[in-house]
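Student: Below is a structure I'd like to ask you about.
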Amino acid sequence: MRSHTALQLHGLFYGNLITYVIAYFRMNNIIDKLIHQKNLHKILVFLIPMALYFNTLNNSFVLDDNIVIKKNEYVTKGLAGIPEILKYDTFKGFLKSENSATAVTGGRYRPLTLVFFSLVYEFSGENAWIYHFFNVLFFSLLCLSVYLLFIRLLKNKFPDYAGPISFFATLLFAAHPIHTEVVANIKGLDEIFSLWFSILAFSCILKSIDENQKKWLWISLPLFAFALFSKENAIHYLLLIPIGLLVFRDIKLIDAVKNIVPILTASAIYIAARLAVLGFSLLDAPTRDLMTNPFLKMRGNNIVDATSAEKFGMIFYSLFKYIGLLLFPHPLTHDYFPKQIPLVNLATGIPLLSLLFYGFLIFLTIRYFKTKPLISFSTLAYLIPLILISNLVINIGTPMGERFAFASSLGFCMLMGYGLYYLFQKNKWAGFSFLILILGFYSLKTSSRNLVWKDDYTLFSTDVMVSKNSAKAHSSLAYNRIEKFKVTKDSLEGRRILDEAVIHLDKTIQLYPRNINAIHLLGNSYYMRKEYLKAAENYEKYLELIPTGKDVIKNLQASYREQGRMMALKQLDLDQALDYLIKALKINPNDSRLLESLGIAYGVKENFPESIKYFNKALEMNPPNAGMMLANLANTYFKMGDKNTATEYMKKAYRADPGLGYKLSTASKGY
């Protein structure tokens, strides 16, 4: 019996062992196929980004989508708006200003995506899911093109492992969460187009060399023009492509230059078009607004330039942040405006460490340019586009942004793909496990981050918890709440929304005391909360900075008027009430509501002649509420003891407004 049981146990053990061994070899076979089957690679690198970003199709228009679609008067004309899109600065259709080219430093001329949006708008209007679908589709096509470029680029020097490295690198690029700002935000199509057409142009140049067919060389011309007309930072491929040719095709420098003649021509066409539209705006001095020039700081109540040490400190702090987010993309935010990235001295902590890191990276690239071509090219593919958006070359108007890392991440992912393949060679299971672990984390983060881009409120309220020191993050959320308040009918809900706006406007002004828009909005918010003195205080602050603000002067007058009127109706400190009303009168003596309020205040104070004078002045202006004013005038005469005149004015009041009786009966408190 025991021997029979032992035999069963041995049989079970060996059976399980055999099953495990078979499964092991099958899994090994699957992994081998996975890393070497190029047709499978093509399917996966296209479908995986489609799957990862599928949940963006339910998202609305968010953030800068208003600039390029919903509130762009040229795009919303459909096909009819295309000539104007080509003729003006990219922001002109949104800002509707002749000075749109100076709204951000250097101006923007990126017409291609706006032309595409116009085409979509012509046939689909404001159906956000269609725009999101195109973003996801073009990003998936970009990923496929990246894979094909890497294969072609590496096949001559690394024929045995061009496929696996290209596959790993493209998977990482497709899934990396830092790209959510580009793909989940419709406006990010300019980044997708710019990189996609650059990749296609590079591929055509390689194909021309490999197959000795010049036609592919000249096909690169329109492709690269499309890249530049999508976004000008594609210009970095003028350096990256010849470097790639030198590294991976071993051609002479002069031959590399000859092969980029078409894309040089495309660049000349774009520059000529940009100059024709924007002039030499790229050379304009940076703005003096902290929201569009990060290299300013507050000194007392004045804005002054940062020192060179502070400027480079912020730049290298941002560069350190980029590599940190590429290595570990959490937490993410759309907003890195001042003071989210601190203005710190270059000789301190993170900036100094960053300077040493990038210096060492450049040293290694130069040192091993010939002996480690793949590593050197990957590093340069990371560094070259990063330098252009780092503020080292030109002031881009903000310290950094996750979307700015889009092109640079390609070099990072290429290097990581090489590292993964090296790990696979050492230990297949370790490499496979690490790949699954990274892709799993990236995929979960990307999918969850996509949901944050659902609408403006979700985005702003989420990211303000990350960008706690960004004046723009707080002001954006506040503005969103004010717009929501305007359409909210429930008074309690409206009060809660307005309270939220006030909190974030206060924080905005703490971070940037000269933020005139926030000061204006805070005044408006207090006015809507009927806190008229706080409203007036903020309008006064605004006028200290911009004395000619007509709308704010009007709002200041209304705040003093309503404060004085409220105090008069409640019979609180009538002398103070009159002071506020007189302040309002000095600003605008032709306000019928103000004149009526003075009539009420003097009536409550029993200065009846003055009361009658102001009521009559108000009536001379033919106000819409003449019936109520006549009733107030009747009340004044009644208090004076002149009942006959009071009766005559009350009759006039009812003739002027037949519904006056109901209004008087429902008034909270009459004068």
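Student: Sort out for me the Cα centre separation of the range 176-217 from the range 356-386, rounded to whole Å.
Tutor: Centre-to-centre (Cα) distance: 22 Å.
Student: Rank THR458, PHE432, SER559 by how far each Cα sits towards the positive end of the charge dipole of the chain (+1 on Lys, Arg Cβ; -1 on Asp, Glu Cβ) and give me just the farthest.
Tutor: PHE432
Student: Would you mind checking the tilt of helix 532-545 against the longest principal axis of the Cα atoms of the chain, expressed as 0 to 90 degrees and rounded to 10?
Tutor: For helix 532-545, the angle is close to 60 degrees.
Student: Quick check: at a probe of 1.4 Å, how many percent of the accessible area of the range 354-495 sits on carbon and sulfur atoms?
Tutor: It is 68 percent, rounded to a whole number.
Student: Related question: Compare the Cα positions of ASN616, LEU57, TYR532 along the charge dipole of the chain (+1 at Cβ of Lys, Arg; -1 at Cβ of Asp, Glu; about the Cα centre) and return the one farthest towards the positive end.
Tutor: The one lying farthest along the dipole's positive direction is LEU57.
Student: What angle, in degrees between 0 and 90 and rounded to the nearest 10, separates the Cα long axis of helix 574-587 from the longest principal axis of the Cα atoms of the chain?
Tutor: Orientation of helix 574-587: about 70 degrees from the principal axis.
Student: Ratio to report: Rg/Rh of the range 352-444, with Cα atoms as the point set and Rh obtained by the Kirkwood method; give two decimals. Don't skip to the end; give the middle numbers.
Tutor: On the way: Rg = 15.6 Å, Rh = 15.0 Å.
Value, to two decimals: 1.04.
Student: Between ASP32 and ASN588, take the C-beta separation as r, use R0 = 60 Å, and let me know the FRET efficiency to the nearest 0.05.
Tutor: FRET efficiency, ASP32 to ASN588: 0.15.
Student: Which sequence of HIS236, HIS330 reflects their accessible areas, 1.4 Å probe, from the largest down?
Tutor: Largest accessible area first, the list is HIS330, HIS236.
Student: Read through the labelled values (i) 64, 30, 24; (ii) 42, 29, 25; (iii) 54, 49, 23 and report the label of the one computed as semi-axes √(5λ) of the Cα gyration tensor in Å from the structure.
Tutor: (i)
Student: Show VAL136, VAL261 ordered by accessible area, largest first, where the area counts protein heavy atoms only and the probe is 1.4 Å.
Tutor: Final ranking, largest accessible area leading: VAL261, VAL136.
Student: May I pose another question? So, in nm, how far is label PHE328 from label GLN576 when the simple model puts each one 7 Å beyond its Cα toward the Cβ?
Tutor: Output for this residue pair reads 5.5 nm.
Student: Another one. Show me, for the range 266-274, the HN-Hα J-couplings you get by feeding each phi into the Karplus relation (A = 6.51, B = -1.76, C = 1.60, θ = phi - 60°), rounded to Hz, glycine and proline as x.
Tutor: 4, 5, 5, 4, 5, 4, 4, 5, 5
Student: Got a number for the accessible area of ILE362? Probe 1.4 Å, square angstrom, nearest 10.
Tutor: Here the accessible area works out near 80 Å².
Student: Label point 7 Å out from ASN622 along Cα-to-Cβ: which residues of the range 592-610 have amide N under 15 Å?
Tutor: What the label zone holds, given the 15 Å backbone N cut-off, is 592.
Student: Taking the 0 to 90 degree range and rounding to the nearest ten, how far is the long axis of helix 2-36 tilted relative to the main principal axis of the chain, both from C-alpha atoms?
Tutor: It is inclined by approximately 80 degrees.
Student: What percentage of the solvent-accessible surface of the range 159-278, computed with a 1.4 Å probe over protein heavy atoms, is contributed by carbon and sulfur atoms?
Tutor: The computed percentage sits at 69.
Student: Also, I was wondering about something else. Report the local net charge at ASN469: Lys and Arg +1, Asp and Glu -1, summed over other residues whose C-beta lies under 11 Å from its C-beta.
Tutor: Details: positive: LYS339, LYS468, LYS472, LYS507; negative: ASP335.
Local charge sum for ASN469: +3.
Student: May I ask you to compute the full-extension gain from VAL257 to TYR457, defined as 0.36 nm times their residue separation minus their alpha-carbon distance, rounded to one decimal in nm?
Tutor: Full extension from VAL257 to TYR457 adds 67.1 nm.
Student: What order do you get for 75-87, 286-298, 143-155 when each peptide is scored by the mean count of other beta carbon atoms within 10 Å, highest first?
Tutor: The most tightly packed comes first, giving 143-155, 286-298, 75-87.
Student: A follow-up question, please. Could you give the length gained by full extension between THR488 and ASP210, i.e. 0.36 nm per residue of separation minus their alpha carbon distance, to one decimal place?
Tutor: Once the chain is fully extended between THR488 and ASP210, it gains 93.7 nm.
Student: If you take every residue apart from ALA175 with its C-beta less than 14 Å away from the C-beta of ALA175, what net charge results, scoring Lys and Arg +1 and Asp and Glu -1?
Tutor: Taking every Cβ under 14 Å from that of ALA175, the sum is +2.
Student: I would also like to ask the following. Once the Cβ-Cβ distance between LYS87 and VAL393 is put in as r, and R0 is 25 Å, what FRET efficiency do you end up with, to the nearest 0.05?
Tutor: Computed FRET efficiency for LYS87 and VAL393 comes out at 0.35.
Student: Dipole magnitude of the chain about its Cα centre, charges +1 at Lys/Arg Cβ and -1 at Asp/Glu Cβ only, in debye to the nearest 20? It would help to have the intermediate numbers written out before the result.
Tutor: Numbers: 72 positive and 50 negative charges, 210 e Å.
With only Lys, Arg, Asp and Glu charged at Cβ, the dipole is about 1000 debye.
Student: Mind giving me the FRET efficiency for GLN510 and ASN58? R0 is 41 Å, r the Cβ-Cβ distance, nearest 0.05 is fine.
Tutor: Details: r = 36 Å, r/R0 = 0.88.
E(calc), rounded to 0.05, equals 0.70.
Student: State which entries of LYS530/LYS639; LYS215/LYS258; LYS554/LYS586; LYS71/LYS489 exceed 23 angstrom in Cα-Cα distance in the structure shown.
Tutor: Cα-Cα > 23 Å for LYS530/LYS639; LYS71/LYS489; rest within.
Student: How much accessible area per residue does the range 290-418 have, in Å², with a 1.4 Å probe?
Tutor: The answer is 41 Å² per residue.
Student: Once both labels are modelled 7 Å past Cα along the beta-carbon direction, what's the THR548-ILE503 spacing in nm?
Tutor: The two pseudo-label positions are separated by 3.9 nm.
Student: Follow-up. Could you tell me the ratio Rg/Rh of the range 253-411? Both radii from Cα atoms, Rh via Kirkwood.
Tutor: Taking Rh as the inverse mean 1/r over Cα pairs, Rg/Rh reads 1.02.
Student: Now for a separate question. Given 0.36 nm per residue, what is the gain on full extension from ASP305 to ASN39 after removing their alpha carbon distance, in nm?
Tutor: Net length gain for the segment: 90.2 nm.
The values are calculated or read from the model by the stated rules, or taken from the named source; none is laboratory data. Quantities reported herein were computed from a predicted structural model and do not represent experimental measurements. We place every Cβ from the backbone using ideal geometry, glycine too, and count neighbours over all the protein chains shown. With ligands, DNA and RNA removed, areas are computed over all heavy atoms of the protein, side chains included. Shrake-Rupley method; radii C 1.70, N 1.55, O 1.52, S 1.80 Å.
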